[in-house]
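Sharing a structure, written as structure tokens. Questions coming.
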């Protein structure tokens, strides 16, 4: 008697980041919105702190960029993730699929690719949906009081 074939592993476990096509790359985003939050860097220590203020293009209700295609033209300091830079961006959320895969770690069970449900990230409390404010409502010095440690994260350096 022969053993049944092993179940096929999902594509994100077998396709290296650098070999993913555009659709695969975009599908890795879990829609948590954490990468669209304003960060402050301590000039003395280099430590990065995440706030609860979001980029002016972020739509808090959908947890997505409102102008994804033109985001870099409209927000010059918006970082475009690539297979080449994702491993070096220490400020990326620790729960981020891009970061996890770059570090050789599995996706979380609440990730939409794993769960099959785009709402699972929100139900798990891992997104910032409805819990942020637009950066334009704050003066720069107010941001320090908005530092927040989000679920699944800790203070990052």
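Values in this text are rule-based calculations from the coordinates and carry no lab data. Just so we're clear, the structure is a prediction, and the values are computed from it rather than from any experiment. Because the Cβ atoms are built from the backbone with ideal geometry, glycine has one as well, and the counts that use them run over all protein chains shown.
Tally up the residues in segment 63-98 that are exposed (fewer than 12 other Cβ atoms within 10 Å of the Cβ), under 25 Å from residue 118 (Cα atoms) and in contact (Cβ under 8 Å) with a residue 12 or more places away in the chain, please.
Final tally of qualifying residues: 0.
Only residues that are assigned to a loop (DSSP other than H, G, I, E, B) and either within 15 Å of residue 16 (Cα to Cα) or free of Cβ contacts under 8 Å to residues at least 12 places away in the same chain (or both): list them for segment 99-108, please.
Listed by number, the residues that qualify are 103, 104, 105, 106, 107.
Which one is surrounded by the fewest Cβ atoms within 10 Å (Cβ to Cβ) among residues in segment 50-62 that are touching a helix residue (DSSP H, G or I) at 6+ places or on another chain (Cβ under 8 Å) and assigned to a strand (DSSP E or B)?
Per the stated criteria, the residue is 52.
Which condition does residue 134 not pass, out of (1) over 17 Å from residue 64 (Cβ atoms); (2) surrounded by fewer than 18 Cβ atoms within 10 Å (Cβ to Cβ), if it passes all the others?
So residue 134 meets the others, but not (1).
Let me ask you something else. Within segment 21-48, take every residue that is touching a helix residue (DSSP H, G or I) at 6+ places or on another chain (Cβ under 8 Å), under 20 Å from residue 100 (Cα atoms) and in contact (Cβ under 8 Å) with a residue 60 or more places away in the chain and give me the one that is surrounded by the fewest Cβ atoms within 10 Å (Cβ to Cβ).
So, considering only residues that are touching a helix residue (DSSP H, G or I) at 6+ places or on another chain (Cβ under 8 Å), under 20 Å from residue 100 (Cα atoms) and in contact (Cβ under 8 Å) with a residue 60 or more places away in the chain, the one surrounded by the fewest Cβ atoms within 10 Å (Cβ to Cβ) is 27.
Mind counting the residues in segment 124-157 that are more than 18 Å from residue 63 (Cβ to Cβ) and part of a loop (DSSP other than H, G, I, E, B)?
Number satisfying all stated conditions: 6.
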